[in-house]
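Working notes, beginning with the structure itself.
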Amino acid sequence: MDCKVFIQTNDEQYLGALVAEYALKRNSRFADRFGVEIMHYRGYPWLDARIGQVFLRGAERRIWQSADLQSFTPLRFLPPKLMNYQGRSVVIDPDCFAVGDVWELFSRDMAGKALMCRIRPALKELPAYRASSVMLLDNARLRHWDPEVTFNELFEFKKDYMKWIKLEYEADETVGFLEPEWNDFDRLTPATKILHTTYRRTQPWKTGLPISFTVRPKPQGKKAPFPVGTLKLLKRALAGRGGRAVKNGFYQPHPDPNQERLFFGLVREMLERGIINEDLVRREMASNHVRHDALDLCRQMAA
């Protein structure tokens, strides 16, 4: 059985993808039985072909931008095609870090399901949904997946990005469910198998940097004096004119210091083993992809 983990990424999240790749192999007793491939946004020109065009995303229409923090999400649906619809694949976001052995996914009984994921619980105004950020895929059962075709349908308003990402186009009987620890949302416990630092504002390697993702607008009440987006633009304008920086305009520290230590501990190991070098980290810092004290944090852990 051919098995491979695919990590989707872009320039913004490239270091995270490298760390995710390292963690997968480091923490598996069967690292020789599966491959790991990073799918970088730049390798798929059909994504760039739609820059500046409007697509359907839930209740709104958005403009496709390559610079958004999560511009890689359509690549979640590419692994079956890359594997010629054979074998099994696991696909993860670049902010997902294995602390358990991913081989447990590859070797589990899928009970005839085409894919397995976890349910993301309801939060505030958002109902529960199928989380596609970590998926176990039986590639032969997903021959209908061709993400380039579906991506283009978003701009023809034939498909909805949110329904796609939430796996709402998949028949219920083809979807199985993983235990929460296989996609643990900002929770690191002894039971965690894959830590997902999913709350973008507090990703540990971004602390202090300007926010680089499109903020989802909140539902507006009937008495809203003007659109929420207008208020955000006004706040940013005021901050740019010498006013006090708006807190929401910057990544914040992660509330769990252990998750920060986990990430930078992995980076430190990668530096010590020559898997990455300090020049790469400095380039990522200079590009505002990684917090500017990243190397200092690694040195502190080595002391």
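Being at pLDDT below 90 and of a type in the set (A, V, I, L, M) is the filter; apply it to region 202-223 and report the residue that is nearest to PHE55 (Cα to Cα).
VAL215
Among the listed residues GLU170, GLU156, identify the single one that is of a type in the set (Asp, Glu), modelled with pLDDT of 95 or more and over 24 Å from the mean Cα position of the chain (by Cα).
Result: GLU156 is the single residue among GLU170, GLU156 that is of a type in the set (Asp, Glu), modelled with pLDDT of 95 or more and over 24 Å from the mean Cα position of the chain (by Cα).
Being in contact (Cβ under 8 Å) with a residue 12 or more places away in the chain, in a loop (DSSP other than H, G, I, E, B) and within 19 Å of LEU75 (Cα to Cα) is the requirement here; does ARG143 meet it?
yes
In region 45-66, what count of residues is obtained for those that are touching a residue at least 60 places away in the same chain (Cβ under 8 Å) and either within 13 Å of ASN152 (Cβ to Cβ) or of a type outside the set (D, E, K, R) (or both)?
10
Using beta carbons and a limit of 7 Å, which pairs, at least six apart or on different chains, have the first residue in region 103-124 and in contact (Cβ under 8 Å) with a residue 24 or more places away in the chain and the second one crowded, with 21+ Cβ neighbours inside 10 Å and in a helix (DSSP H, G or I)?
Listed by first residue and then by second, the contacts come to LEU105/TRP182; ARG118/TRP182; ARG118/ASN183.
So which of GLN53, GLN65, GLN86 ends up being over 17 Å from ILE194 (Cβ atoms), within 21 Å of the chain's Cα centre (by Cα) and not basic (Lys, Arg)?
GLN65
Residue by residue, here is whether (1) modelled with pLDDT under 90; (2) of a type in the set (A, V, I, L, M); (3) loosely packed, with under 14 Cβ neighbours inside 10 Å; (4) under 30 Å from ALA59 (Cβ atoms) holds:
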residue: ARG200; (1), (2), (3), (4): yes, no, no, yes
residue: MET270; (1), (2), (3), (4): no, yes, no, no
residue: GLU278; (1), (2), (3), (4): no, no, yes, no
residue: SER287; (1), (2), (3), (4): no, no, yes, no
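For (1) touching a helix residue (DSSP H, G or I) at 6+ places or on another chain (Cβ under 9 Å); (2) modelled with pLDDT of 95 or more; (3) surrounded by fewer than 20 Cβ atoms within 10 Å (Cβ to Cβ), each residue gets a yes or a no:
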{"site": "LEU136", "(1), (2), (3)": "yes, yes, no"}
{"site": "ALA140", "(1), (2), (3)": "yes, yes, yes"}
{"site": "TRP145", "(1), (2), (3)": "yes, yes, no"}
{"site": "PHE151", "(1), (2), (3)": "yes, yes, no"}
{"site": "LYS163", "(1), (2), (3)": "no, yes, yes"}
{"site": "GLY176", "(1), (2), (3)": "no, yes, yes"}
{"site": "GLU181", "(1), (2), (3)": "no, yes, yes"}
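Please enumerate the residues belonging to region 1-44 that are of a type in the set (Asp, Glu) and free of Cβ contacts under 8 Å to residues at least 12 places away in the same chain.
Within region 1-44, ASP32 is the sole residue that qualifies.
The values are calculated or read from the model by the stated rules, or taken from the named source; none is laboratory data. Note that the structure is predicted; figures quoted are calculated from it, not measured. FYI the Cβ positions are ideal-geometry reconstructions off the backbone, even for glycines, and counts take in every protein chain you see.
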